[in-house]
Amino acid sequence: MNDRGRRRFLTKAGGALLAGAVCAPTWPDSPHRVTIEKMAFSPPVLEISRGQRVEWHNADLVPHTVTDTARQLDSGPIEPGATWAHAPEEAGEYSYVCTFHPTMKGVLKVR
Amino acid sequence: MNRFYIVCSVAALAAASSFAEAAAPTDPQIAAIVVTANQVDIDAGTFAKSRAHSEKVREFAQLMVTDHSAVNKSATELARKLNVTPEPNATSKGLKEGGEKNLASLSKLSGPQFDIAYVTHEVDYHETVLEALDQTLIPGATNPELKALLVKVRPAFVAHLEHARALKNEIAKGKGT
């Protein structure tokens with residue numbers, strides 16, 4: 001490739017990268033994240049729209065669960081370092097706990 | 001429950017605090033103390049799961065087995081990664097002996113007597129572990145990753161202590177069934 005061809009190629013490549021950066025989906029398709037750390041859910045209260053995906057990541061050394069009283073949310077054991085994801089379709093306020101450590105509490109508000 | 005055995009099984013950890021005054025434990029010694037402390041509670045929990053009278057105490061015992069096994073898995077993996085071989089020492093040996101005495105004492109009990117003895121021991125044990133973590137093990141760890149692991153595990157021990165205290169109060173009020 002000569003100098004002219006190289007410049008044309010780089011211009012096209014740069015333009016494609018820029019277009020990709022502008023068009024790349026970010027919010028609202030990016031999942032919301034709740035970190036489970038120091039035996040607590042962070043943030044403890046999260047508000048989302050119906051169908052949005054939420055990830056609960058266990059950054060502790062012990063297993064946890066995400067379980068609401070009606071069991072509409074029920075992760076089962078989330079092992080240390082693992083992530084559980086859910087996208088609720090029904091609006092409502094889900095108060096949940098870790099069934100292993102019931103002092104750990106969180107709320108998911110679905111609009 | 002013979003209070004003597006409770007004192008024996010946690011005395012070794014309490015000694016870890018005074019251990020620091022004489023000679024700070026090395027990282028390999030700290031690794032041995034952590035692994036042994038977890039194993040002692042796994043053994044007590046395994047026994048209590050089959051012997052406890054109340055469902056809540058059996059659930060608590062299972063939780064101790066699950067959580068302390070998970071902590072030991074992380075501690076063992078980290079020791080392997082850091083090429084640290086846990087080095088048995090007076091504190092870890094004392095913990096092991098204390099755990100064996102506790103099991104021998106618990107094996108003579110059954111029913112609600114067993115439950116209160118096991119849970120009382122768990123309260124004392126976690127109080128002492130937290131004291132050792134704060135006063136000796138965390139300040140004494142020189143490797144940053146080992147220190148970080150000890151800091152990371154601390155909230156779980158706090159949660160266990162609160163859980164054990166609440167359970168002890170429920171049993172005392174006759175609600176821990």
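Scanning the stretch A:83-111 for residues that are hydroxyl-bearing (Ser, Thr, Tyr) and crowded, with 20+ Cβ neighbours inside 10 Å gives A:Tyr94, A:Tyr96.
Of all residue pairs spaced 6 or more apart or on separate chains, those with beta-carbon atoms under 8 Å, a first member in the stretch B:49-62 that is without any contact (Cβ under 8 Å) to a residue 12 or more places away in the chain and a second member that is buried (at least 19 other Cβ atoms within 10 Å of the Cβ) are B:Arg58/B:Ala48; B:Arg58/B:Ala52. Every condition in (1) in contact with a Leu (Cβ under 6 Å, 6 or more places away or on another chain); (2) surrounded by 18 or more Cβ atoms within 10 Å (Cβ to Cβ) holds for A:Pro80 except the one numbered (2). Within the span defined as the stretch B:145-157, one or more residues are surrounded by 18 or more Cβ atoms within 10 Å (Cβ to Cβ) and more than 13 Å from chain A (Cβ to nearest Cβ).
Annotation: B:Asn102 fulfils all but one of (1) among the polar types (S, T, N, Q); (2) within 14 Å of chain A (Cβ to nearest Cβ); (3) buried (at least 23 other Cβ atoms within 10 Å of the Cβ); the unmet one is (2).
Taking the conditions (1) closer than 29 Å to B:Leu150 by Cβ; (2) surrounded by 15 or more Cβ atoms within 10 Å (Cβ to Cβ) in turn, B:Asn83 satisfies each one other than (2).
Can you find a residue in the stretch B:77-91 that is more than 14 Å from every other protein chain (Cβ to nearest Cβ) and within 20 Å of B:Leu161 (Cα to Cα)? Among the residues of the stretch B:77-91, not one is more than 14 Å from every other protein chain (Cβ to nearest Cβ) and within 20 Å of B:Leu161 (Cα to Cα), which makes the answer no. For B:Thr142, the conditions (1) touching a residue at least 60 places away in the same chain (Cβ under 8 Å); (2) in a helix (DSSP H, G or I) all hold with the exception of (2).
No value in this document is a laboratory result; all are computed from the given coordinates. Bear in mind the structure is a predicted one, so any value in this text is a computation, not a measurement. Cβ: placed from backbone, ideal geometry, glycine included. Neighbour counts: every protein chain shown.
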